[in-house]
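Asker: Encoded as structure tokens, here's the structure I'll be asking about.
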Amino acid sequence: MKKISKKETKEIKETKEQTTAEEKAFKKRRLKRRILSSAFTALVIIAIIALNVVVGIISDKQNTSADLTDGSIYTLSDESREYLQNTLSSDVTITVLCSETEFSAQDMSYKQADEILKNMARESPHITLSYLDLNSSPNFAAEFAGETLAENYVVAECEKTGRYKIIPPYDYFVFNQSYLEYYGAYVVEGSVIEQETISALMYITNETPVKVAFAEGYGESDSTALKNLLQKNGYDVETLSLVTTSEIPEDTDYVVLFAPSADIDKTQLEKLDKFLETDGKNVVYFASTVQPKTPNIDEFLNRWGISVGYDVIGQTDTSVLTSSDTLFAHLQEICDTKYTQTVYGSQMYTFGAHMRPVYTSDEKDGAVTTVLMKTFDKAYLYPLDNALAEDFDIEKADSGVFNDAVIAERGYGGEKSRVCVFGSEMFASNLYLSYTNSNNADFLVGMWNYISGRQQGITIKQKSFMPAVFEINVKTANVMAILLCIVIPICVIALGIIVWVRRRHR
């Protein structure tokens, strides 16, 4: 065995010490890296948690999602945002009678309703949105004794006015009537939750509600569409029997005569005369082509410088006809008046059908008349009197431009009283009020609001759930097939080969 010299022993010892020092330094560096790595990981985790918390807080206050649906079914209209941000000033509570998770999880229609309600709460600090299980909160139902409450109902309340509005699902969803008629099943094809909720907010926060009474007792036409329109814009709507009431209640602001099918007794019309003697009262009358002659109503209107002809207005200008089946359905022209500023110059259409001409006379007992709406040129009058209609000759008929709506105002020293006459009840029918390209609803609400001294109403279109259809012809389909099945795949393959060759020869 070779004996190790002292020098070699010293070198070995120094080598071991150096190795130990390097190992200690390496372990120290490794420990440091582990600590830094752990610290960085912890910071990243903390940052992610903090970011989630911040995003959660922001998403509660602001809508951070993007609505990519056809028709933007989850997005509030500009009119709604304007109202919520700048008009709504009273604190309100909106309660959904269902748990939050269950409400939105039912199907797409309830998901849309939930998102719209949440977006409303984000837009206004005055809205408190809550969800409540009606079965576990019987005290809530007790506060609305006599009212019907059920799951998925929406309840809007305003503590300041003490008013509330209950919105059931069948009011905030639009159902496919054809499917219901033939199959007996409910299929939701659209949503009006936005319009219904905004209308409810306007109603419950109104501290000085305007009361509109629809007179009954003389075979009036169906006025449901007009009643709904006024209610949605915050008006108190009720019915009134001119026969049974001794006098029209003092708190009534409007009386509507919606195309009575019989002439009204003079005794009842005297109640309207007395009603109008108080400044700020109004009567709105809709005529109809199915009415008989109404001498008593005519006399009442004559006292305000207005008369309705016993004719129906036809139209020979085919460019303004709205139906190929009749000459009596045609577009109307809005006049530039203080009552029609919300629709004058609108790009939408004003529809009318079976309109009777409305005439004006010179100022009568201080009543000043204003024409609100008229026909376009080339209109003519067809007599409603059967005897005259038998010998009708369109070449000899009265023709030109005729008034379709007139308003008369009278009053001294205070608010004016008014009588407004429309030539046909069809102007306020559900058909024309529901057209998306019609301004009939805006016309009526704008006039009502101007007379009442209120802010402009809100008309919000229905959100449709029906899928958009992309229709293409055969030629376009063939081009798209070649593009998607041949051209694009070849381009992708060629690009892949080019990239592979270039990388191979680097």
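The values are calculated or read from the model by the stated rules, or taken from the named source; none is laboratory data. Quick caveat: nothing in here was measured; it's all calculated off a predicted structure. Positions of Cβ are backbone-derived with ideal geometry, glycine not excepted, and every protein chain shown enters the neighbour counts.
Asker: Restricting the search to segment 262-283, which residues are touching a Phe, Trp or Tyr at 6+ places or on another chain (Cβ under 6 Å) and within 27 Å of Gly453 (Cα to Cα)? Steps first, answer last, please.
Answerer: Here is the first cut: in segment 262-283, the residues touching a Phe, Trp or Tyr at 6+ places or on another chain (Cβ under 6 Å) are 262, 264, 269, 281-282.
Once the filter is applied, which keeps residues that are touching a Phe, Trp or Tyr at 6+ places or on another chain (Cβ under 6 Å) and within 27 Å of Gly453 (Cα to Cα), segment 262-283 yields Leu269, Lys281, Asn282.
Yes or no, residue by residue, for (1) within 30 Å of Leu117 (Cβ to Cβ); (2) among the hydroxyl-bearing types (Ser, Thr, Tyr):
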site	(1), (2)
Glu189	yes, no
Ile198	yes, no
Val237	yes, no
Ser246	no, yes
Ser261	no, yes
Asp265	no, no
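Asker: Additional query: Among the residues of segment 214-226, is any polar (S, T, N, Q), surrounded by 17 or more Cβ atoms within 10 Å (Cβ to Cβ), without any contact (Cβ under 8 Å) to a residue 60 or more places away in the chain and not assigned by TED's automatic domain parsing to the domain that holds Leu84?
Answerer: no
Asker: Take Gln341 and tell me if it is over 22 Å from Ala397 (Cα atoms) and assigned to a loop (DSSP other than H, G, I, E, B). Outline the logic, then answer.
Answerer: Values: over 22 Å from Ala397 (Cα atoms): yes; assigned to a loop (DSSP other than H, G, I, E, B): yes.
Answer is yes for this residue.
Asker: Kindly indicate whether any position in segment 128-141 is closer than 24 Å to Ser80 by Cβ, in the same structural domain as Tyr83 (by TED's automatic domain parsing) and of a type in the set (Val, Ile, Thr).
Answerer: Yes: segment 128-141 contains one or more residues that are closer than 24 Å to Ser80 by Cβ, in the same structural domain as Tyr83 (by TED's automatic domain parsing) and of a type in the set (Val, Ile, Thr).
Asker: Going by what's in this entry, would Asp393 be described as acidic (Asp, Glu) and farther than 25 Å from Glu425 by Cβ? Show your work before the answer.
Answerer: On the way: acidic (Asp, Glu): yes; farther than 25 Å from Glu425 by Cβ: yes.
Yes.
Asker: Sticking with this one: If Tyr382 passes every condition in (1) on the phi < 0 side of the Ramachandran plot; (2) buried (at least 19 other Cβ atoms within 10 Å of the Cβ); (3) not β-branched (Val, Ile, Thr) but one, which one does it miss?
Answerer: Result: Tyr382 passes all but (2).
Asker: Among the residues of segment 291-328, write down those that are surrounded by fewer than 20 Cβ atoms within 10 Å (Cβ to Cβ) and in a strand (DSSP E or B).
Answerer: Within segment 291-328, Ser307, Leu321 meet the criteria.
Asker: Would you check if there is a residue in segment 77-86 being more than 16 Å from the chain's Cα centre (by Cα) and modelled with pLDDT under 95? Give the steps one after another, and end with the answer.
Answerer: Of the residues in segment 77-86, the ones more than 16 Å from the chain's Cα centre (by Cα) are 85-86.
Next, only the ones that are modelled with pLDDT under 95 stay: 85-86.
Yes.
Asker: A further question on this structure: For segment 384-427, enumerate the residues that are among the hydroxyl-bearing types (Ser, Thr, Tyr) and part of a loop (DSSP other than H, G, I, E, B).
Answerer: Step one: of segment 384-427, the residues among the hydroxyl-bearing types (Ser, Thr, Tyr) are 399, 412, 417, 424.
Hits for segment 384-427 are Tyr412, Ser424.
Residue-by-condition table, conditions (1) touching a Lys or Arg at 6+ places or on another chain (Cβ under 8 Å); (2) hydroxyl-bearing (Ser, Thr, Tyr):
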position: Asn282; (1), (2): yes, no
position: Phe286; (1), (2): no, no
position: Pro292; (1), (2): no, no
position: Asp298; (1), (2): no, no
position: Trp304; (1), (2): yes, no
position: Val320; (1), (2): no, no
position: Ser324; (1), (2): no, yes
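Asker: Would you be able to tell me the number of residues in segment 237-290 that are part of a strand (DSSP E or B) and surrounded by 17 or more Cβ atoms within 10 Å (Cβ to Cβ)? Quick ask: steps written out before the conclusion?
Answerer: Going through segment 237-290, the residues part of a strand (DSSP E or B) turn out to be 237-241, 254-258, 282-286.
Then drop every residue that is not surrounded by 17 or more Cβ atoms within 10 Å (Cβ to Cβ), which leaves 237, 240, 254-258, 282-286.
So the answer is 12.
Asker: Just for segment 227-236: of the residues that are touching a residue at least 12 places away in the same chain (Cβ under 8 Å) and assigned to a helix (DSSP H, G or I), which one is farthest from Ile198 (Cα to Cα)? Reasoning before the result, please.
Answerer: First pass over segment 227-236, keeping only residues touching a residue at least 12 places away in the same chain (Cβ under 8 Å): 227, 229-236.
Within this subset, residues satisfying the condition of being assigned to a helix (DSSP H, G or I) are 227, 229-232.
Details: Lys227: 17, Leu229: 13, Leu230: 13, Gln231: 11, Lys232: 8 Å.
Looking at residues that are touching a residue at least 12 places away in the same chain (Cβ under 8 Å) and assigned to a helix (DSSP H, G or I), I get Lys227.
Asker: Right, here's the next one. Between residues in segment 99-126 that are within 17 Å of Glu151 (Cα to Cα) and residues that are basic (Lys, Arg) and part of a helix (DSSP H, G or I), which pairs lie under 8 Å by C-beta distance while being six or more apart or on different chains?
Answerer: Within 8 Å, the pairs are Ser104/Lys111; Ala105/Lys111.
Asker: Does Ile94 qualify as being surrounded by 14 or more Cβ atoms within 10 Å (Cβ to Cβ) and part of a helix (DSSP H, G or I)?
Answerer: Values: surrounded by 14 or more Cβ atoms within 10 Å (Cβ to Cβ): yes; part of a helix (DSSP H, G or I): no.
In short, no.
Asker: Would you check if Glu363 is of a type in the set (Asp, Glu), at pLDDT below 90 and either surrounded by fewer than 18 Cβ atoms within 10 Å (Cβ to Cβ) or within 22 Å of Phe443 (Cα to Cα) (or both)? Working first, answer last.
Answerer: Numbers: of a type in the set (Asp, Glu): yes; at pLDDT below 90: yes; either surrounded by fewer than 18 Cβ atoms within 10 Å (Cβ to Cβ) or within 22 Å of Phe443 (Cα to Cα) (or both): yes.
Here the answer is yes, as Glu363 does meet what is asked.
Asker: Would you mind stating whether Gly366 is farther than 22 Å from Asn430 by Cα and touching a strand residue (DSSP E or B) at 6+ places or on another chain (Cβ under 8 Å)? Write out each step before concluding.
Answerer: On the way: farther than 22 Å from Asn430 by Cα: yes; touching a strand residue (DSSP E or B) at 6+ places or on another chain (Cβ under 8 Å): yes.
The answer is yes for Gly366.
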